[in-house]
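Only one structure is covered here, and it is reproduced in the block below.
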Amino acid sequence: MPADVVTGGGAAVAGSALAAGAAFIYYACSVPTSQILGRALVRGPRASRQVVLTFDDGPAEPFTGQILDVLRRHHVPATFFCCGKNVARLPEVARRAADEGHTLGNHTWSHPLLYFKGRRRIEDEIDRTQEAIERAAGRAPMIFRPPYGVRWFGLFPVLRSRGLTDVQWSDTGYDWKTKHDGRAIARLALAKLKPGAVILLHDGREPLEPGAVDASTTVAALPAIIEGARRMGLEFVPIDRFLAGTRTHP
Ligand code: NI
């Protein structure tokens, strides 16, 4: 066999191995439900008929305050994955959420994609946010959600050493897509809603500048999501109920 054919075959094998490796890394880091880099909470027990509402990227006013008003009116506990820079800007809003019985989580300081980020950068993003939330609300979070759901090598050792659990999601209203109005967001969030779901919504819209954030469609969708879930016999619970057995640190 001519040498160039052998070389060609070797390159093809190497090429497909590379493609498979890239696909594996993509899956491990980028698919919200993947457990390859570390254990993450994706959903609670399906038998429970309980669901959890989560809001990412805030606080952002007036939307976070409006969401808190809706939650209070409907007696729904929720979880807010806050960006540290937004908590530093609006500490009183984070404080209000905690005072009203909601859970605060860490969503990094500046909402970067964690692909190719070194351990020092990951630590800095997480630690500054832990401190900002503790300063604002009196208690540092026990839960973390990475921006865009993307995990990277080195993230999980940092989470473990801070006693943080990665919380992903199993359901969403795709409220970050500007083409969706409140009705579409509610329909999408309810379409595949199952017992044990962790529902992803947004009270902010990273990486927009604060003045450009518009989470009004999420605010508009929220009452219909709450009422629709309750009509399905589902109960909104604090995220703690889903964390038993998932937490990797005491
Ligand atoms: Ni986010």
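Here are some notes:
- Residue within the range 68-77 that is assigned to a strand (DSSP E or B) and in the same structural domain as ASP175 (by TED's automatic domain parsing) present: no
- Residues that are in contact with a strand residue (DSSP E or B) (Cβ under 9 Å, 6 or more places away or on another chain), assigned to a loop (DSSP other than H, G, I, E, B) and in contact (Cβ under 8 Å) with a residue 60 or more places away in the chain within the range 112-152 comprise MET142, ARG145, ARG151, listed in sequence order.
- The range 63-118 - residue that is within 23 Å of GLN50 (Cα to Cα) and β-branched (Val, Ile, Thr) and, of those, surrounded by the fewest Cβ atoms within 10 Å (Cβ to Cβ): VAL70
- Qualifying residues in the range 49-63 (those that are in contact with a helix residue (DSSP H, G or I) (Cβ under 9 Å, 6 or more places away or on another chain), within 14 Å of the ligand (Cβ to nearest atom) and in a strand (DSSP E or B)) - the one nearest to THR103 (Cα to Cα): PHE55
- If you go through the range 191-216 and keep only what is in contact (Cβ under 8 Å) with a residue 24 or more places away in the chain and away from the ligand (no atom under 16 Å from the Cβ), you end up with LEU193, LYS194, PRO195, GLY196, ALA197, SER216.
- Test: residue in the range 122-134 that is within 16 Å of the ligand (Cβ to nearest atom) and acidic (Asp, Glu): yes
- Test: LEU188 is buried (at least 17 other Cβ atoms within 10 Å of the Cβ), more than 24 Å from GLU123 (Cα to Cα), free of Cβ contacts under 8 Å to residues at least 40 places away in the same chain and within 18 Å of the chain's Cα centre (by Cα): yes
The values are calculated or read from the model by the stated rules, or taken from the named source; none is laboratory data. Bear in mind that the values here come from a model prediction, so they are computed numbers and not experimental data. No Cβ is skipped: glycine too gets one built from the backbone with ideal geometry, and neighbour counts run over all protein chains shown.
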